[in-house]
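Asks: Let me begin by handing over the structure; questions about it come next.
The values are calculated or read from the model by the stated rules, or taken from the named source; none is laboratory data. Because the structure is predicted, anything quoted here is derived from the model rather than measured. Note that we place each Cβ from the backbone using ideal geometry, even for glycine, and neighbour counts take in every protein chain shown. Accessible surface areas use protein heavy atoms only, side chains included; no ligands, DNA or RNA. Shrake-Rupley method; radii C 1.70, N 1.55, O 1.52, S 1.80 Å.
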Amino acid sequence: MKFLSGLFGGGKAAGAAAPREIDAATAREWHQRGECLLIDVREDAEHRAMRIPGSCLAPLSRLEQAVPPLPESKKVVFLCQSGARTRMHARRLAKCAGVAAHVMSGGIGAWRASGFPVERG
């Protein structure tokens, strides 16, 4: 499990616009081509139970920890279980990321419903 310890904090985009919503198919395409970072904002236990291979963990409960900046060369895609948490915190996520950010609508549930792979345990 990749954990982005203190991923956020001190983002560059103080007035960042809300991230754009994308679907699971777009997120998977970007991820397979190495064009994005998939950042799971669920809590540790949720991520351990089931996660998208190669996704990074950055729980909302620890969002404000100090962190190195995210690479501007890649898109950032936030996801949660159903998309509700990322949608509710979209502006906060974009501000903290400091780079262009996206949220995956439907979360990991939509990813699984599309038949895309997940890891467990």
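Asks: Of everything in the stretch 96-117, what is at negative phi and part of a helix (DSSP H, G or I)? Give them in sequence order.
Replies: Matches in the stretch 96-117: 96, 97, 108, 109, 110, 111, 112, 113.
Asks: Hey, can you tell me all the residues within the stretch 77-95 that are open to solvent by less than 20 Å² (accessible area, probe 1.4 Å) and either touching a Leu at 6+ places or on another chain (Cβ under 7 Å) or assigned to a loop (DSSP other than H, G, I, E, B) (or both)?
Replies: Within the stretch 77-95, 77, 78, 79, 80, 83, 86 qualify.
Asks: Considering each residue of the stretch 96-121, count those that are open to solvent by less than 30 Å² (accessible area, probe 1.4 Å), small (Gly, Ala, Ser) and in contact with a strand residue (DSSP E or B) (Cβ under 6 Å, 6 or more places away or on another chain), and give that number.
Replies: Counting residues in the stretch 96-121 that are open to solvent by less than 30 Å² (accessible area, probe 1.4 Å), small (Gly, Ala, Ser) and in contact with a strand residue (DSSP E or B) (Cβ under 6 Å, 6 or more places away or on another chain) gives 3.
Asks: Based on this model, can you work out whether residue 51 counts as under 21 Å from residue 113 (Cβ atoms), under 12 Å from the mean Cα position of the chain (by Cα), open to solvent by 10 Å² or more (accessible area, probe 1.4 Å) and modelled with pLDDT under 90?
Replies: No.
Asks: Mind telling me which of the residues 24, 17 ends up being at pLDDT 65 or above and open to solvent by 50 Å² or more (accessible area, probe 1.4 Å)?
Replies: Just one listed residue meets the conditions, 17.
Asks: Could you list, in sequence order, the residues of the stretch 43-61 that are touching a residue at least 60 places away in the same chain (Cβ under 8 Å), closer than 18 Å to residue 103 by Cβ and in a loop (DSSP other than H, G, I, E, B)?
Replies: 52
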